[in-house]
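The values are calculated or read from the model by the stated rules, or taken from the named source; none is laboratory data. For clarity, every value in this text was computed on a predicted model and none was experimentally measured. Here the Cβ is made from the backbone with ideal geometry for all residues, glycine too, and neighbour counts use every protein chain on show. Note: areas computed on protein heavy atoms with side chains; ligands, DNA, RNA excluded. Shrake-Rupley method; radii C 1.70, N 1.55, O 1.52, S 1.80 Å.
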Amino acid sequence: LENKFVYASAGAAVARGDINDLTYAAPQPPQAFVRVDVSEDAVVDSWFCGERRFTDDAVLAATGEDETDAYLIAPVYDAATQRSTIIVLDCGDLAAGPVCELALPDDAPFIPWGLHGAWSPAANGATRATEHV
């Protein structure tokens with residue numbers, strides 16, 4: 001099964017597709033999500049989250065058969081406010097920006113940048129992976 005697109009976090013210069021920017025090939029903080037057309041080796045769609053905001057690991061939630069029939073869901077950390085939000089982007093039009101942005105509650109206002117999630121059946125009271133609580 002061959003995919004046409006890859007979704008990834010990227011730096012601002014990559015998201016703009018600005019190969020003349022001196023930072024293009026350099027390591028950049030992840031401040032955007034991009035859709036790369038693998039056959040063209042090119043960024044074909046992108047969303048920049050803003051200055052002093054940083055993207056983190058995303059998950060895709062399929063809504064149909066095409067690769068663009070999905071939502072990209074991810075936390076975004078805002079260094080200026082020290083708060084995180086959960087953004088939802090339409091994979092068919094990343095540039096349109098979030099279709100939804102969820103604020104976290106005041107008693108837990110941010111997700112530590114770089115935090116990776118894991119599912120643990122024991123945390124939910126299950127004794128094996130196939131058991132549901």
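Screening the range 16-70 for strands (runs of 3 or more DSSP E) wholly inside it with 1 or more residues that are open to solvent by less than 70 Å² (accessible area, probe 1.4 Å), touching a residue at least 24 places away in the same chain (Cβ under 8 Å) and more than 25 Å from SER84 (Cβ to Cβ) returns the ranges 32-37, 42-48. When GLN82 is tested against (1) open to solvent by 50 Å² or more (accessible area, probe 1.4 Å); (2) more than 30 Å from ASP107 (Cβ to Cβ); (3) free of Cβ contacts under 8 Å to residues at least 60 places away in the same chain, exactly one condition is not met: (2). Scan the range 82-133 for residues that are at pLDDT 95 or above, part of a loop (DSSP other than H, G, I, E, B) and of a type in the set (Val, Ile, Thr) and report the count. Counting residues in the range 82-133 that are at pLDDT 95 or above, part of a loop (DSSP other than H, G, I, E, B) and of a type in the set (Val, Ile, Thr) gives 1. Selection over the range 42-73 of residues that are of a type in the set (Ser, Thr, Tyr) and closer than 25 Å to PRO27 by Cβ gives a count of 2.
From the list PHE48, PHE33, the one residue that fits, being touching a Leu at 6+ places or on another chain (Cβ under 7 Å) and closer than 22 Å to TRP113 by Cα, is PHE33.
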